Amino acid sequence: MTTCATPSVEDARNTKSGSQRNLAGKYLTFQLAEEQFGLQILKVREIIGVMKVTPIPNSPKSIRGVINLRGKIVPVMDLRAKLELPTAESDRKNCIIVTEVERDGESIEMGILVDSVCEVLDIPSGEIEPPPALGDDVDKTLILGMAKAGKDVKILLDVDQVVASMGTLKLTVPGSDKK
Amino acid sequence: MSNHTIDSIDLAVLKLMEVDDFHTPEADELASILTELSNSLNTEETPAAVEAVQRCVHSLKHGPEEKMAFGQVIQAISQTLTNLQDIKQHGKSSVSTTFPQKPAAETAQPTPSMDCDVCEPVTEQDFMQPAPVNSGSDNSIDYIDQAVLKLMEVDTFDSPETDELTDILNDLLGTLKKGSSPEAIGAVERCLHNLRHGPEEGYSFGQVIQTTSQTLSCLQDVKLHGKSYNEIQFPELTADEVETDQTSIQESAGYAEAMALAEVLNTTDPGAHAPSRREDAQQDVLFNGDPDMLGLFIEDATEHLEHVEADLLTLEQNPHNPEALDSAFRSFHSVKGSAGFAQLVPIEKIAHAMEEMLDMARDGKLTLQNQAMDLTLATLDCIRMWVRRVQTSLDEGTPLIFTSEGKEYITQIRAIVSGEVDLKSLSVPKQTSTAVVEEETTSSGSSVSAGSSVETESSSQASRSEAVRVDRHRLDELIDLIGELVITESMVTAEVHQLQNHHQDTTTCSQLRKITRELQELSLSLRMMPIHGLFQKAKRVVRDLSRKLNKPAELVIEGAETELDKSILDELSDPIVHLIRNSVDHGIEATPEDRVKAGKPRTAEITVRAFHKGGNIYVEIEDDGRGLNREKLVSRAIERGIINPNQELTNDEIHQLIFAPGFSTAEQVTEVSGRGVGMDVVRRNIEALRGSVHVTSTPGVGTIISLRLPLTLAIIDGMVVRVADQRYIIPTLSIVHQMHPQQEMLSTVHGRGEMVAVRGQNVPFHRLAQVFGLSKEKKPTCESTIILIEEKDRLAGLLVDEVIGQQQVVIKSLGTTLSEVSVGIAGAAVMPDGEIGLILDVHSVLELARGSRNLK
């Protein structure tokens, strides 16, 4: 765990400082609405089909709830809600990508609910560009970079940031949250 | 060569560090150590050495009258000791060593010739060495010799001699810079610095001179004896640390220096020496060891020290129990060994001293009882304190500071071992009566040894080795997985039954079920540990207290093999120690005479017992003392306003008064009882473990305090309820009552706040569906169920759609990522169907409910 986590932390730092050199590697790509995303394969623990998710009362929409992963309680993030993409009907192809990141010396598992998983791509560093300037309304903190693969463009997500963003969420107080 | 002599030398070298003027207590101590040394030398027929030591004693006592500078005397002593060490440890013959000569001249003659005398051995001895001159090409040797000479004359920080010395050292530095090792240069530079700035930085003159002298003799080793720099460690005073705490650094600098010195001179215990040790052991006051080694040391030491305590207490009862003696000896030996590996010299030294003492006991020369046992136990606590300190420094990443604590134990033990001290006159250095309690608070967080739970016989080494240490997380993971297996198994069997309507081939299924059940039981037992260790600790508490309070008391242990969840055990330690203290202090009659008058044996009996009953574990502390004084309890309670004077109370209620906050019947606060932890804290701690405390007492016969505890913290009884399409678990412990409300029981306040009448009392209730934002529309109240919850002194209700049933569930944490957003949720549990049920934290749910209402 420790060994694979160390470079990733550096990755994240490098991104912030603008350097892209360590981003090359294998990515698990998946579909979400009309867009394709990629996650560093080293951070992916497993992919499971959608199972019943127990919602946590009053939690933000981006948290779908918790699942029982072989006796472990794992939170599940609704990535569509997180990225403010339109909600969709659930589908047989939907799945949960279980990621594992290291934070404060503790390994944290989190499920990410996606529309469907595509493939594992080896992306050389030459194909990766920094996230483009799209204006203020696009949140770039979760994005490592943009990768070209053939004709498509894949958005590479920063798993550590995604997980970290979960811890900073605030409770939605009943009454202020109109469903 | 007797170890004793070597030890005396070591001791003298240590003491030398502390001395910084004539006629100080330290100087006196040094003199007595030296006297002892000369006595022990007598027996070995080295007249030259004996005379030299005696001269040292003489000049130490009469130096000022004979116009000798303090620095001179110290230097002479140091030189003599070094020579002695050479003889004793490096096997030099006493003939080839020249001690400071001309005894008569020394006392009679004025200072200058004294200088010569003292410096003589240095030069003479040096040139007797086989290969002295080969490195004499540079003139650094001259400077070293000059410096050594000058060092004799120096007396204070601000004297012309000191200035001359610094000049010489400067010159020396100049020559060293042409090709000597950076360490040597650094060491000389440090000496210079200390000479100039010593007083500002809180060093005593003696320390500085000692360090300088040490540095010079290291240099001599290199230059004259052809040693390589790698073999040498230069001494250091830590200049950087001074700002933090002047006094303690002074102290610790002295001690660490002493350790360092001992190492450099390769003195100490000849048996326990590896050459590589010299490298690090000496360093300076701040010690940064290899974390892995330190971690290993802590694990090892903690385990051994636990065993030692049990063994020692056995020994006190039965001083000649060879097994206990051997086992204690082995444990100290192991601690010494692992401290040595981790390069923790002070711990190693103390453990070594203990080993010697136990060795004496094994030879039948010493009986470990009374004072000797006090000293042994105090020393044990001292080692524990060191171990804790290592742990803290490891946990927090702070450097470990060697202080002089523990030195007095070594001194005392050595005195005993050498037969110098009469055991009766022994006074145990205080410090440690708090150690037992302190330790509990700190040690509970340390590494879990699930392994040691396996052993019930603590005495034999063989059973010890069969235990395996397992990481707590792995264990939890295993238990999780087995829980999951059980659920999957029941699903699979159900499916198989559905598929094959006939009951053929179900033997494999039932086999599977049997195995999984067994696995599950086994997995739950993995976390269980016998309460034995805790009771052992209680034994120590009773022993110490009964001695301190002069109340003979004995602890009887029953059911020590009863197993409890490790996490409960950790939390139970403080309350039990407190209750035991209470029993000894308050429970037992004030004096043994009172007991005799009451027709009881002089020695009081306190019993701790643990047993299973009805799915719970009970731990009882019983004393045969005077029992609770009901009248006093009641009057005190009235005085404190805890109860109403007119209130009629049952005996039971009176007894429960002792748990009221701030309640104490102790006439005066003694050291033992005035510790600030009241019975209310005990009760709170036990209740936090989901247990309860009960007192029964018969005046004149005794008191029993009974703790009821759950088998494990991991499982709770819960009420499973349904709200909209969700299931939640409400801990049964917080539920007072459940009811189906009738229309006439309901009322509202301002059309919003809903109340239900319960036994004539209007209780506000909240709809869980609304609190959790699960549904908008209000279901008719009469079709739902209200769960009544007691909150401090009032009742509140939660409205749920349906109560599904009662169930035991395994609590799991939601993890840190969700802690911010999961308000009102205490945790989660895997339900029998494999899905998750959230466990409610009813109090925060109620707070949430009130908060959300206010927002509207």
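Just one of the numbered conditions (1) modelled with pLDDT under 85; (2) hydrophobic (A, V, I, L, M, F, W, C); (3) crowded, with 17+ Cβ neighbours inside 10 Å is not true of B:Leu855; which one?
That leaves (3) as the condition not met.
Considering B:Glu563, B:Glu495, which residue is over 27 Å from B:Met679 (Cβ atoms) and acidic (Asp, Glu)?
B:Glu495
Any idea which of B:Ser510, B:Ser490 is over 46 Å from the mean Cα position of the chain (by Cα) and at pLDDT 80 or above?
After applying the criteria, what remains is B:Ser510.
If you check B:Phe772 against the conditions, is it of a type in the set (Phe, Trp, Tyr) and within 13 Å of chain A (Cβ to nearest Cβ)?
The answer is yes for B:Phe772.
Hey, can you tell me all the residues within region B:511-544 that are hydrophobic (A, V, I, L, M, F, W, C), over 30 Å from B:Asp374 (Cβ atoms) and in a helix (DSSP H, G or I)?
Of everything in region B:511-544, those that are hydrophobic (A, V, I, L, M, F, W, C), over 30 Å from B:Asp374 (Cβ atoms) and in a helix (DSSP H, G or I) turn out to be B:Leu512, B:Ile515, B:Leu519, B:Leu522, B:Leu524, B:Leu526.
Working only within region A:44-61, note down all residues that are surrounded by 19 or more Cβ atoms within 10 Å (Cβ to Cβ) and either at positive phi or more than 9 Å from chain B (Cβ to nearest Cβ) (or both).
Within region A:44-61, A:Val44, A:Asn58 meet the criteria.
Quick check on my filter: what residues within region A:31-43 are among the aliphatic types (A, V, I, L, M), open to solvent by 10 Å² or more (accessible area, probe 1.4 Å) and in contact with a helix residue (DSSP H, G or I) (Cβ under 8 Å, 6 or more places away or on another chain)?
A:Ala33, A:Leu42
Consider B:Arg547 against the criteria (1) surrounded by fewer than 17 Cβ atoms within 10 Å (Cβ to Cβ); (2) over 22 Å from B:Leu312 (Cα atoms): it satisfies all of them except one. Which criterion is unmet?
B:Arg547 satisfies all of (1) surrounded by fewer than 17 Cβ atoms within 10 Å (Cβ to Cβ); (2) over 22 Å from B:Leu312 (Cα atoms) except (2).
Give the residue that is farthest from the other protein chains (Cβ to nearest Cβ), with candidates limited to residues of region B:474-500 that are of a type in the set (Asp, Glu) and under 20 Å from B:Glu521 (Cβ atoms).
B:Glu489
Across region B:736-769, which residue is surrounded by the most Cβ atoms within 10 Å (Cβ to Cβ) among those that are away from every other protein chain (no Cβ under 14 Å) and in contact (Cβ under 8 Å) with a residue 60 or more places away in the chain?
B:Gln738
Residue by residue through region A:79-107, note down the ones that are among the acidic types (Asp, Glu) and more than 10 Å from chain B (Cβ to nearest Cβ).
Those that are among the acidic types (Asp, Glu) and more than 10 Å from chain B (Cβ to nearest Cβ): A:Glu84, A:Glu89, A:Asp91, A:Glu100, A:Glu102.
Would you mind finding the one in B:Val619, B:Val556 that is in contact (Cβ under 8 Å) with a residue 60 or more places away in the chain and either open to solvent by 30 Å² or more (accessible area, probe 1.4 Å) or assigned by TED's automatic domain parsing to the domain that holds B:Leu689 (or both)?
Going through B:Val619, B:Val556 in turn, just one is in contact (Cβ under 8 Å) with a residue 60 or more places away in the chain and either open to solvent by 30 Å² or more (accessible area, probe 1.4 Å) or assigned by TED's automatic domain parsing to the domain that holds B:Leu689 (or both): B:Val619.
Read through the list (1) out of contact with any Asp or Glu (no Cβ under 7 Å at 6 or more places or on another chain); (2) over 30 Å from B:Leu526 (Cα atoms), then give the number of the only condition that B:Glu687 fails.
(2)
Quick one: is B:Arg464 among the basic types (Lys, Arg), modelled with pLDDT under 85 and out of contact with any Pro (no Cβ under 9 Å at 6 or more places or on another chain)?
It is true that B:Arg464 is among the basic types (Lys, Arg), modelled with pLDDT under 85 and out of contact with any Pro (no Cβ under 9 Å at 6 or more places or on another chain).
Which residues, taken from region A:113-135, are surrounded by fewer than 19 Cβ atoms within 10 Å (Cβ to Cβ) and aliphatic (A, V, I, L, M)?
Within region A:113-135, A:Val117, A:Val120, A:Ala133, A:Leu134 meet the criteria.
Tally time: how many residues in region A:62-78 are open to solvent by less than 20 Å² (accessible area, probe 1.4 Å), more than 7 Å from every other protein chain (Cβ to nearest Cβ) and within 15 Å of the chain's Cα centre (by Cα)?
Summing the residues that are open to solvent by less than 20 Å² (accessible area, probe 1.4 Å), more than 7 Å from every other protein chain (Cβ to nearest Cβ) and within 15 Å of the chain's Cα centre (by Cα) in region A:62-78 gives 5.
Filter region B:140-181 down to the residues that are farther than 27 Å from B:Thr80 by Cα, open to solvent by 70 Å² or more (accessible area, probe 1.4 Å) and modelled with pLDDT of 70 or more and list them by number.
Scanning region B:140-181 gives a single hit, B:Asp171.
Among the residues in region B:831-842, are any away from every other protein chain (no Cβ under 14 Å) and either in contact (Cβ under 8 Å) with a residue 40 or more places away in the chain or open to solvent by less than 10 Å² (accessible area, probe 1.4 Å) (or both)?
No: region B:831-842 contains no residue that is away from every other protein chain (no Cβ under 14 Å) and either in contact (Cβ under 8 Å) with a residue 40 or more places away in the chain or open to solvent by less than 10 Å² (accessible area, probe 1.4 Å) (or both).
So is B:Leu818 within 14 Å of chain A (Cβ to nearest Cβ) and free of Cβ contacts under 8 Å to residues at least 12 places away in the same chain or not?
It is true that B:Leu818 is within 14 Å of chain A (Cβ to nearest Cβ) and free of Cβ contacts under 8 Å to residues at least 12 places away in the same chain.
Working only within region B:779-814, note down all residues that are farther than 13 Å from B:Val756 by Cα, within 14 Å of chain A (Cβ to nearest Cβ) and open to solvent by less than 40 Å² (accessible area, probe 1.4 Å).
Answer for region B:779-814, where residues must be farther than 13 Å from B:Val756 by Cα, within 14 Å of chain A (Cβ to nearest Cβ) and open to solvent by less than 40 Å² (accessible area, probe 1.4 Å): B:Val800, B:Val809, B:Lys812, B:Leu814.
Restricting attention to region A:82-107, which residues are under 16 Å from the mean Cα position of the chain (by Cα) and loosely packed, with under 13 Cβ neighbours inside 10 Å?
Once the filter is applied, which keeps residues that are under 16 Å from the mean Cα position of the chain (by Cα) and loosely packed, with under 13 Cβ neighbours inside 10 Å, region A:82-107 yields only A:Glu84.
In region B:364-386, how many residues are open to solvent by less than 10 Å² (accessible area, probe 1.4 Å) and in a helix (DSSP H, G or I)?
Residues meeting the conditions: 12.
What tally of residues in region B:483-502 results from selecting those that are open to solvent by 70 Å² or more (accessible area, probe 1.4 Å) and acidic (Asp, Glu)?
1
Given the residues A:Met110, A:Met146, which is the only one that is modelled with pLDDT of 85 or more, within 14 Å of chain B (Cβ to nearest Cβ), open to solvent by less than 70 Å² (accessible area, probe 1.4 Å) and touching a strand residue (DSSP E or B) at 6+ places or on another chain (Cβ under 8 Å)?
Going through A:Met110, A:Met146 in turn, the sole match is A:Met110.
The values are calculated or read from the model by the stated rules, or taken from the named source; none is laboratory data. These figures come from a predicted structure and were not determined experimentally. Quick reminder, even Gly has a Cβ in these numbers, built from the backbone with ideal geometry, and neighbours come from all protein chains shown. To get the accessible areas, we keep the full protein, side chains included, count just its heavy atoms, and leave off ligands, DNA and RNA. Shrake-Rupley method; radii C 1.70, N 1.55, O 1.52, S 1.80 Å.
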